[in-house]
Each structure stands twice: as structure tokens, then as C-alpha cells.
1. Could you tell me whether ASN175 is surrounded by 12 or more Cβ atoms within 10 Å (Cβ to Cβ), modelled with pLDDT under 95 and more than 17 Å from the chain's Cα centre (by Cα)?
2. Find the helices (runs of 4 or more DSSP H) located wholly in the range 105-163 whose residues include 1 or more that are surrounded by 19 or more Cβ atoms within 10 Å (Cβ to Cβ), free of Cβ contacts under 8 Å to residues at least 40 places away in the same chain and of a type in the set (Lys, Arg), and list them.
3. Yes or no: ASP75 of a type in the set (D, E, K, R), at pLDDT below 95 and touching a strand residue (DSSP E or B) at 6+ places or on another chain (Cβ under 6 Å)?
4. Suppose we filter the range 90-116 for residues that are touching a helix residue (DSSP H, G or I) at 6+ places or on another chain (Cβ under 9 Å), of a type outside the set (Val, Ile, Thr) and farther than 21 Å from GLU129 by Cα; how many remain?
5. Inspect all residues belonging to the range 58-68 and state whether any of them is farther than 21 Å from SER137 by Cα and at pLDDT below 95.
6. Considering each residue of the range 88-103, count those that are part of a helix (DSSP H, G or I) and either touching a residue at least 12 places away in the same chain (Cβ under 8 Å) or surrounded by 21 or more Cβ atoms within 10 Å (Cβ to Cβ) (or both), and give that number.
7. Which one is nearest to LYS106 (Cα to Cα) among residues in the range 50-86 that are without any contact (Cβ under 8 Å) to a residue 40 or more places away in the chain and polar (S, T, N, Q)?
8. Could you please let me know if CYS72 is touching a Ser or Thr at 6+ places or on another chain (Cβ under 6 Å) and closer than 17 Å to GLU129 by Cα?
Amino acid sequence: MTRPSQVHPSGSRSLLLPILLLGIGASFTSMNARSADTISGTATVVDAGTLKIQGKKVRLHGIEAPDDDQVCLRDAKPWKCGEAAATALRHHIDGKTVSCEAVTGKDGSNAGANCSADGKNLNTLLVREGWATDLKSESDGAYADAQKEAKKARRGIWATDTDNPEEVRRQGKRND
């Protein structure tokens, strides 16, 4: 009578250990890659489209905000809309932990980040409130609906007769 072949218990264990170690190593590698793509902490406002977290500048992806020195006209009077936009961003991050997830551009480069505070996407908030516009060349129109809403309600820069900040930058002009 022949016995069925048996796998020695210690043989199966000897394969288990390397597989387990490979799995643990892959998990650590994945966690490190993920943490390199996300940054969180207390943030400060550099300008209406840029934050500083842990000493690193983080540009908000897919939006165009007025420059700090941009002056808009409202009721034919000069108004520092760039400063107002930066103040709005400060209001959204004040006393909150900000988390930013890097976005890779179409060419593989860093294209900024999607940032949130209190579970709210800051990029979307700034566009919805009229403090930034949808940079379609970068966002593929992700903020188009929020921009339409802001424009229709005449919020932020849409309450002025100022050019779109994206156009102002492209043309290199300022409203003084």
C-alpha cells in the first residue's frame, strides 16, 4: 500500500516567511510613496493660490487666483482683490490642519496639489467663492461648475470689472 505524498509542515513554513517579509516590505514601500505625495499640517498663506506647509510651498492645482498686488475695480474704485483673495484663503485654513495631495501633470511633472481643511476642498471653495478661476488647461474643467456659480452670483472677483486673473497674468498687465 502506498502512502499519499505529504508536505512536511516545516517545508511550508519555510516558504511562508519569505512571502510574509516581501508583503511587509511592499507595504512599507507603498506607505512611503504615499506619504511623499501627501503633506499635512498647519499652513500659512503665501498668496491666494499657494500655501506653505512644513516649510514647503504648495500651489493649489487647477486654479488661477489673483496675484497679491493685483488691483481690481469695483464701482470704478480700486480694490486690492489679490489681498482679498489671500485673506479668504487664510479664513479657510485658520486654526485647521490642512492636507494636500500632490497632482501629477500630464507631462509627469508636479502640477500642484488638491488641498483640504475640515474635509472641504480649498481649490473648489476658492473658485466657488469667486476668489480664483478654473485653470482649464490644468484642471480639464474640474472647477467649471463652481466658476459658473460664482460668476452668476457675482462673488469675489466676479463682482468687479477686472479681467480674469488667468488673462491678466498671460498678458502681463495690471489694473492700477
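1. Yes.
2. Hits in the range 105-163: 122-128.
3. Taking the combined requirement at face value, the residue does not satisfy it.
4. Total meeting the criteria: 5.
5. yes
6. Matching residues across the range 88-103 total 5.
7. Of everything passing the filter in the range 50-86, THR50 is nearest to LYS106 (Cα to Cα).
8. yes
The values are calculated or read from the model by the stated rules, or taken from the named source; none is laboratory data. Just so it is clear, the structure is predicted and the values come from calculations on it, not from any experiment. Ideal geometry is used to build each Cβ from the backbone, glycine not excepted, and the neighbour counts take in all protein chains shown.
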